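What follows is one structure encoded as structure tokens, with my remarks underneath.
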């Protein structure tokens with residue numbers, strides 16, 4: 001039996017057919033996952049069917065036991081990797097858990113705010129795009145319940161910006177595009193996996209975007225800071241080398257080769273004050 005959030009209500013289903021899948025990846029972060037799930041429960045209003053799943057990527061036993069308790073308490077399905085497989089593999093497994101039209105991937109070191117899911121899914125539905133992600137506050141709110149944030153007019157009115165890849169800690173995409181590409185390249189264990197995916201999207205004519213609303217909270221690099229055995233610097237170096245070899249260069253090569261040749265297009269995005277439209281004339 002799978003536990004899913006359906007039309008805003010927590011419930012049980014015998015299948016995983018949903019419009020939107022939301023997946024959380026975690027490594028030795030049960031308390032971060034708990035805070036994130038609570039924020040999702042408190043700040044997610046969405047009219048369609050959506051589901052939530054967590055994958056643990058090889059945590060230590062004491063953290064895995066605590067995570068099982070948390071997911072069981074919140075009726076969220078948990079899948080477990082017996083050893084650390086890396087971010088790309090975890091994202092592939094999260095995405096393929098559902099039969100879905102759209103997928104949203106979240107790091108465990110986030111706190112969500114009102115309108116986060118509505119804004120992301122609206123953009124994915126109404127624009128030709130590869131990936132789309134939300135802007136960030138770096139740090140945690142003092143109050144886990146999070147009052148309604150007061151975004152100034154600039155935040156809401158600034159049009160989404162074209163980027164090679166949306167922020168890897170929180171981004172979404174169409175499942176059909178994911179399937180066409182074949183998923184995330186699992187040669188990347190950590191770093192560059194979202195950039196590689198965004199590059200493949202751009203190569204196919206699908207630019208990615210950084211949205212301007214709403215801002216969510218992100219505790220920068222919490223997983224790597226608390227788990228030195230992951231060897232973040234070493235992993236980043238390997239990933240950069242692999243990306244450069246695969247694509248014939250780093251950003252200074254791939255951006256002009258793929259992103260800059262995508263023609264301008266009209267985009268629209270959701271705000272609490274109405275739908276906004278603008279012409280996207282190129283990357284930020």
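Listing 73, 171 from the residue with the fewest other Cβ atoms within 10 Å to the one with the most, what is the order?
On the way: 73 10, 171 27.
Ranked by crowding around the Cβ, least crowded first: 73, 171.
If you count, for each residue, the other Cβ atoms within 10 Å and average over each peptide, how do 254-264, 21-31, 90-100 line up from highest to lowest?
Numbers: 254-264: 15.1, 21-31: 23.5, 90-100: 20.7.
Ranked by mean Cβ neighbours within 10 Å, highest first: 21-31, 90-100, 254-264.
So what is the relative contact order of the range 14-63, in percent, for Cα pairs below 8 Å that sit 6 or more residues apart?
Details: 48 pairs, mean separation 29.6, N = 50.
Once divided by the residue count of the range 14-63, the mean separation gives 59 percent.
Give me 179, 250 sorted ascending by neighbouring Cβ count inside 10 Å, so fewest comes first.
Values: 179 11, 250 14.
Ranked by crowding around the Cβ, least crowded first: 179, 250.
Each peptide among 116-125, 61-70, 191-200 gets the average number of other Cβ atoms lying within 10 Å of its residues, and from highest to lowest they stand as 191-200, 116-125, 61-70. Residue exposure proxy: 213, 137, ordered by other Cβ atoms within 10 angstrom of their Cβ from fewest to most, comes out as 137, 213.
None of the figures in this text is laboratory data; all of them are computed from the coordinates on show. Predicted model only: the values in this text are computed from it and were never measured. Cβ coordinates were reconstructed from backbone atoms using ideal geometry, including for glycine residues, and neighbour counts include every protein chain displayed.
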